[in-house]
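> This is the structure I have questions about; it appears just below.
No lab work stands behind these numbers, since they all come straight from the coordinates. None of these values were measured; they are calculated from a predicted model. Methodologically, a virtual Cβ is constructed for each residue, glycine included, from the backbone with ideal geometry; neighbour enumeration extends over all protein chains shown.
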Amino acid sequence: MAQTARSRPDRCPGVVHPWPADDGGLVRIRVPGGQVPLAGLRALAAVAEEYGDGRVRVTGRANLQLRAMPLSPDGLLAPPALVALEATGLLPSRAHDRVRNVLASPQTGLSGGRADLRPVVAALDAALLGDDAVAALPGRFLFTLDDGRGDLAGRHKDLGLVALDAATAQLRVGEHWGEVVALDAAPAALVALARSFLAERGSGPGAAWHVPELARPLAPAAPPAPGATVATGPLGFGRVAGGRHVAVPEDGLDRPTLDAWSAPTVIVTPWHGVLVPEPGSLEVGA
C-alpha cells in the first residue's frame, strides 16, 4: 500500500458542502444503506421544486442529489434551502454531512441473503453520528455491507463486511479480509477501524482518502472465511424478489413518480435505481 500524492483536499459534495456547478449548487444527501422513508423522499422532491430544478437524482453510491440549488456569495447553500433540507429529516448532523457513506445489499431483509443487515446499517449510522472524530472522514470514504449474496463484491473500497450467516460476518479492510466478528459487534469494529484510518492518513491536501492508500495496514490480513468470496452481478430492473427495481433516468425522479409509490420505505440502489418493496415481501428466513 502506498499513499497517493494529491495537491488538494477532498471536495466531494454534501449538503453543507455544495458543489458550485454551472446551473447552481449541487448537493448530495447521504442515505445509509440506500434506505429512505418515502415521506422523506417526497419532502426532498418538494425542496427540489421550490429551490432547485424539481428533480431528485440518484448516484452510483446509492445517495441522492439535487441540482440548481441557490448558493450564498460565500459558496454555501442559501440558509432557507439548508433549513428546508434539514426539515426533510435526511440531514441529521451537519458535522457528519459527508461521512455517512454506507452501501448495503438493497434486498437485505426483503428476500434472500444470509442475514438482515438493516439493523447493522442503523447501528453503524448511529455510531458514526455519535462519534465527533469520524466527522473528519473524507467524503469519498465508503463502508460496504454485503449480506452474503455477493452483490457488493466488486464495491469494497475502504471498510465493510460480508455476512457469513445470520449472526457472524467477516470484515473487509481495504483490499484485504479482516477478522470474523459477531454481526452485532460489527458497527463498533468498523468505527474503530475508521478512527484508526484517521490516525494514519496524514494531514493536509495530500492526506489519504482511502484505506489502500495508507503506508501500512490498518489491521492484519486474514484469509477469507468459507463463503466470504461469493460474488453476483447487479440487481436487474423490473420485478425482483422483494419488490420492483425501478431504473432512475439521468435527469432523476419527479413528484408524480414518487406520489405513485406506496411503500413506507424505499431503497436507493448502487445501480442508479430504486427498489420499491411490495406488500408481502419475504423476510430473511421466511
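> Mind listing the Cα extents of the range 102-213 along all three principal axes, in Å, largest one first?
44, 28, 23
> Here is a further query. Just want to confirm a number: the relative contact order over the chain, from Cα pairs under 8 angstrom separated by 6+ residues, in percent.
Values: 649 pairs, mean separation 68.6, N = 286.
This gives 24 percent for the chain.
> Can you put V120, V230, V191 in order of Cβ neighbours within 10 angstrom, beginning with the fewest? Provide the component values of the computation, followed by the final result.
Values: V120 24, V230 16, V191 21.
The order, fewest Cβ neighbours first, is V230, V191, V120.
> For a test of the definition: using alpha carbon positions, the gyration tensor, and the 1.5 limit on a/c, classify the range 16-67 as rounded, prolate or oblate.
Details: a/c = 2.23, a/b = 1.28, b/c = 1.75.
Oblate, because a/c is 1.5 or more while a/b does not exceed b/c.
> Rounded to the nearest 500 deg cm²/dmol, what is the calculated helix-only ellipticity per residue at 222 nm for the chain, with -39500 (n - 2.57) per DSSP H run of length n ≥ 4?
-5500 deg cm²/dmol
> So how do T269, T232 line up by other beta-carbon neighbours within 10 Å, fewest first? All intermediate terms of the calculation are to be shown ahead of the outcome.
On the way: T269 25, T232 14.
Starting with the residue having the fewest Cβ neighbours, the order is T232, T269.
> Given points 7 Å out from each Cα along the Cα-Cβ axis, report the D22 to V246 separation in nanometres with one decimal.
Computed distance between label sites D22 and V246 equals 3.0 nm.
> Another question, if that's okay. Quick one: in the chain, what % of C-alpha pairs are over 37 Å apart?
Numbers: 4850 of 40755 pairs.
Counting every Cα pair in the chain, those more than 37 Å apart make up 12 percent.
> Still on this structure: Helix check for the chain. Which DSSP H runs span at least 18 Å along their own axis by Cα, with a mean Kyte-Doolittle hydropathy no less than 0.0?
On the way: long enough: 38-51 (20 Å, 0.81); 186-200 (21 Å, 1.25).
For the chain, where a helix must reach 18 Å along its axis and average at least 0.0, the hits are 38-51, 186-200.
> Here is a further query. Among E200, E278, which comes first, second and so on when ranked by fewest other beta-carbon atoms within 10 Å? All intermediate terms of the calculation are to be shown ahead of the outcome.
Working: E200 17, E278 14.
The fewest-first ordering by Cβ neighbours comes to E278, E200.
> Another one. Classify the range 1-95 as rounded, prolate or oblate, taking a ≥ b ≥ c as the square roots of the eigenvalues of its Cα gyration tensor: rounded when a/c is under 1.5, otherwise prolate if a/b is larger than b/c and oblate if not.
On the way: a/c = 1.95, a/b = 1.32, b/c = 1.47.
Judged from the Cα gyration tensor, the range 1-95 comes out oblate (a/c at least 1.5, b/c at or above a/b).
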